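Everything below concerns the one structure shown next.
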Amino acid sequence: MSLLFEAMKESVLLGEEEEAKKLALEALAEGLNVEEVMEKGFLKGIRQAGDLYEEGEYFLPELVCSADAMKEALAILDSALKERKVEKGTEKKVMMVTVNGDVHDIGKTIVGAMLTANGMNLIDLGADIPNEEVVEAVLREKPDVLGLSALLTSTMEEQGKIIKMLEERNLRDKVKVIVGGAPVTESWAKTIGADGYADSAVTAVNLVRDLFN
Ligand code: B1M
């Protein structure tokens, strides 16, 4: 098993899209646990690619290739998770978005897939979405929860800006706002007045449940 996880990690690290896709399909065919496949396999590859980028051993083209391979695997695993949707969930409507100026959508997509798998109704707005569009979508769709993902220290600010905009439009008490993403912390969430913070897809599911219990 560990060899298969290692191959998954390598496929992402080396940016081998076809191999990543093949391994994801193989994992599903073998009935492996999807969360385990992500955590022990593919995600290790994308995290290591990030470390190599930080150390100056990888450059942007390599990072892009790794991200593309990760997304190939994620697309397959994401639909498997969604198909597994628990019918007796909270049935809360959750809107997920990666904030303005930030294209990192892998974590947001994983969180969305886990929420769906746990019975919530997901609206995925996408990534790098202008704040005004997010607020308009909240007005239009009336989600119970708005999830704001940010992966750059420079885009975390947008989470706070969106919360302020919701206050200005008298929408703040109509939607719970949760925040996450690698640089985001519990204390940042408190500073900007978010209702909650989660550091992983699993804690995000628990957080949403807790907000309504
Ligand atoms: Co970029 N990038 N990147 N990148 N990238 C990081 C974030 C970075 C840490 C890399 C590094 O230097 N080590 C660094 C940020 C530094 C900083 O701000 N402090 C960085 C940089 C600098 C950049 C660019 C500026 C590079 C450049 O152009 N010079 C550029 C920015 C583009 C932009 O957004 N405007 C850039 C571009 C890219 C790619 C396009 C190549 C690609 C993104 C592809 C894509 O997503 N479509 C990419 C990638 C892949 C990464 C790393 C390697 C991996 C991110 C990822 O997908 N992780 C990343 C390094 C790293 O994180 N170690 C890096 C896996 C994912 C599952 O984890 O997103 O943390 P994560 O999500 C987790 C949790 O955080 C949580 O649950 C998820 C599942 O466990 N979570 C939530 C996430 N959102 C949540 C929301 C919630 C709750 C939980 O509630 C709402």
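The values are calculated or read from the model by the stated rules, or taken from the named source; none is laboratory data. This is a predicted model, so every value here is computed, not measured. Please note: Cβ atoms are built from the backbone with ideal geometry, for glycine as well, and neighbour counts cover all protein chains shown. Each accessible area value is taken on the protein alone, full model and side chains, heavy atoms only, with ligands, DNA and RNA left out. Shrake-Rupley method; radii C 1.70, N 1.55, O 1.52, S 1.80 Å.
Here are the numbers for this structure:
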{"read-out": "Any hit, region 128-146, residues being within 30 Å of CYS65 (Cβ to Cβ), of a type outside the set (Val, Ile, Thr), in a helix (DSSP H, G or I) and over 12 Å from the mean Cα position of the chain (by Cα)", "value": "yes"}
{"read-out": "For ASP105: the one exception among (1) farther than 17 Å from ALA67 by Cα; (2) crowded, with 19+ Cβ neighbours inside 10 Å", "value": "(1)"}
{"read-out": "Residue in region 122-143 that is closer than 21 Å to LYS44 by Cα and either open to solvent by less than 20 Å² (accessible area, probe 1.4 Å) or within 12 Å of the ligand (Cβ to nearest atom) (or both) present", "value": "no"}
{"read-out": "Cβ-Cβ under 8 Å pairs, at least 6 apart or on other chains, region 24-49 side polar (S, T, N, Q), far side modelled with pLDDT of 95 or more", "value": "GLN48/LYS9; GLN48/LEU13"}
{"read-out": "Flag for VAL37 being of a type outside the set (D, E, K, R), within 12 Å of the ligand (Cβ to nearest atom) and either touching a helix residue (DSSP H, G or I) at 6+ places or on another chain (Cβ under 6 Å) or at negative phi (or both)", "value": "no"}
{"read-out": "GLU158 assigned by TED's automatic domain parsing to the domain that holds GLU136, open to solvent by less than 90 Å² (accessible area, probe 1.4 Å) and without any contact (Cβ under 8 Å) to a residue 60 or more places away in the chain", "value": "yes"}
{"read-out": "Count of residues meeting criterion [assigned to a helix (DSSP H, G or I), open to solvent by 20 Å² or more (accessible area, probe 1.4 Å) and not aromatic (Phe, Trp, Tyr)] in region 45-86", "value": "24"}
{"read-out": "Meets criteria (in contact with a strand residue (DSSP E or B) (Cβ under 7 Å, 6 or more places away or on another chain), more than 8 Å from the ligand (Cβ to nearest atom) and not in a loop (DSSP other than H, G, I, E, B)) for GLU167", "value": "no"}
